[in-house]
Every structure is written in structure tokens, then in C-alpha cells.
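The values are calculated or read from the model by the stated rules, or taken from the named source; none is laboratory data. Every value quoted in this text rests on a predicted model; they were computed, and no experiment measured them. A quick note on method: Cβ atoms are made from the backbone with ideal geometry, for glycine too, and the neighbour counts reach across all protein chains shown. Ligands, DNA and RNA are excluded from the accessible area calculation, which covers all protein heavy atoms including side chains. Shrake-Rupley method; radii C 1.70, N 1.55, O 1.52, S 1.80 Å.
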Amino acid sequence: MKGGTQFKLKIRFEDGGKALAKFKRYSRETETNPNVYYFYDFERHVSEIAAFHLDRVLRFNRVPPVSGRLINITTEIEPLVRDKDLNHSFFISPVGNKCFFGKCRYFCHGAHAFCGEPDVIEASMAHYLPSQLDYERTDIRSPWRRSYNEYDRKEWETNEDYCDNVRRKPPYNNGRRLLDLMDLAVFDFLTGNMDRHNYDTYEDFDNYTSTVHTDNGRGFGKTKHDEMSIISPVRQCCLIRKSTLHRLLTFYKGTAKLSDFMRKSLSNDPIAPVLTELHLHALDRRMVKILLILQKCLQKLSYRQVVIDDGF
């Protein structure tokens, strides 16, 4: 599939279904290089899978279904390829494994190839959203989008009152949209995804549609670092849904932690274990940091100003 910074493959099944495949490049233990900017970080197939499960555990239900799969490069990919660039990228590695790299903006060359063992490789399979002809979607730039530049910083990164400006502008001045972005910030902070530049909505429901959270491949890259800038929307707006807060408190006070729910959910995936234990423990640590931010908000604002009753 051409376009985008990294390689992905559109899969069409015999029954007409379609999925977007992202392949395993590195082991689950490989972490993001701390000297590399977020926009140069590689995508992880396990991040797509884990993000789907986290979305369900949080009861957001905004990530299209994703499942892990084992795919044979020799029999299930190479014979069916019609793209010339991809077809010319297959090769045998020095240790006899079948590899390929395709064409994209970053990492599409032999040094960063996808390799099977010897020709079987893991991949995430994300279910395609309904056709735009049936349900028209709008791709909207996030107000907390990053600069994607080594030298520039966005206003929200230097102005802690930035949310005041956001609140005054549509679609964030009415409806559910601003609360949806708070949920999205919670979700991305837990996964460690700094690459949330846009989000999707369905036009038929106007400003009362929920956001759709796709493209989650740049999460779960660091086990010991919590990127606090990701949770800036919640810190700057001091806003959270009651149902979201209740869910986080359930993990905090209950006998089962967020990591326990995730471990159980992910155990059913075909390529389990999906996340390392260090990544699971990081979820618990980050959740506590979200609650501490909300605690500070409640020290300066009333409960009704911070926690919005959404009826759930």
C-alpha cells in the first residue's frame, strides 16, 4: 500500500473482507532509541494489537478490530503480489530467512527488512472501516498536534492556558468533541503514542459522533519512560468524563489492575504474548500519573468543572 511513512499491506480475503497488515520488524523487547524523534520511530505490529485491546478494556470502543496473524511470506504474500516495487524487494537473508521491504518514506530498504522464520512472519491485521461511499468520514487535525520538526514547538507545548483557546472554537465549544479528545489523550498516554496528529469522525452524526482511533503503531515503545506531554490536553483543560474516571479508579482500587485486564485480554490473540511484562507494568504506572493530574485539577476547580457526568 503506497503512501505513509512506513510500509503496510492491504489484504483482501476470499469473502471480500479487507484488512491493513503491519508486519513484525523487531522483537517485542526492542525499544525506541531515546535519541530518535517520535516521527522517525518505527511502527510496531504489537502496538496496533495492544491498542485495540486497551480500547476495549477502557470501554471506549473507538479502535477498529485488530488481530495478530502468522503469515507465510513464500506462499501467502509473494505469489499474490502485483506491485512491482514490492515484488522486487523479496530476498533471502544471510541466515536463510525470507525477507521483503516494499516501498515507503522511511525504513523501506534491506537494512530494515521484514524477515520470516524462515518464511513465517507475525503481522497485525486491522479491519477496514466502512467505505467512504457508505459512511463519509472527516479527517480532522488535532489541536494538540505536534510540529513534526526537530526545531519547532507548537503553542500548546509552551502555553499552559492553551485549552482556553480550544474551548472557544468549534467543534470544541459544544457537544462531546472536547471530552472525546480527553479520552484520546488518556488512551495515547497509556500506550506512549506521540504520533496523534489527526483523528476521524463520521459526518452523519455531526458534532455528536465519537472519534475513531486508528493508526496506533507507534505506541508501546518505551517501558521506563512516561511521555508527560501526551497527557497535556487533560492537564491543561482539567477535564474528564465521569465514566472514564470511574474506569481508571476501578483499576486503581480494585483487586485487578489495568495490567491484569490487559494480560487476560491479550492472551487470546493468535500471536500472544503480545506485550512484555515491562510494558504491562508501565500501564499501571501511567494510570496513576493520570489520576494525580486529575487530583491537582480538583484542588483548584470544583468537581463539576472537572468531572463531566456523561450518564454512564
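Structure summary
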item: Filter result for D310 (of a type in the set (D, E) and either over 20 Å from the mean Cα position of the chain (by Cα) or closer than 29 Å to R146 by Cα (or both)); result: yes
item: Yes/no for K98 being more than 22 Å from A126 (Cα to Cα) and open to solvent by less than 40 Å² (accessible area, probe 1.4 Å); result: yes
item: Of the criteria (1) in a helix (DSSP H, G or I); (2) surrounded by 13 or more Cβ atoms within 10 Å (Cβ to Cβ), which one R304 fails; result: (2)
item: Per-region count, the range 65-88, residues within 30 Å of N33 (Cα to Cα) and modelled with pLDDT of 95 or more; result: 9
item: Count of residues meeting criterion [in a helix (DSSP H, G or I), of a type in the set (S, T, N, Q) and within 27 Å of P34 (Cβ to Cβ)] in the range 167-207; result: 1
item: Subset of the range 222-281 (residues that are in a loop (DSSP other than H, G, I, E, B), of a type in the set (S, T, Y) and modelled with pLDDT of 95 or more); result: T223, S267, T276
item: Yes/no for C108 being under 30 Å from I271 (Cα atoms), modelled with pLDDT of 95 or more and open to solvent by less than 70 Å² (accessible area, probe 1.4 Å); result: no
item: Subset of the range 144-200 (residues that are of a type in the set (F, W, Y), surrounded by 15 or more Cβ atoms within 10 Å (Cβ to Cβ) and touching a Phe, Trp or Tyr at 6+ places or on another chain (Cβ under 6 Å)); result: W144, W156, Y162
item: Any hit, the range 271-282, residues being more than 18 Å from R44 (Cβ to Cβ) and open to solvent by 10 Å² or more (accessible area, probe 1.4 Å); result: no
item: Answer residue from the range 1-48, given it is of a type in the set (G, A, S) and within 19 Å of C108 (Cα to Cα) and is modelled with the lowest pLDDT among those; result: G3
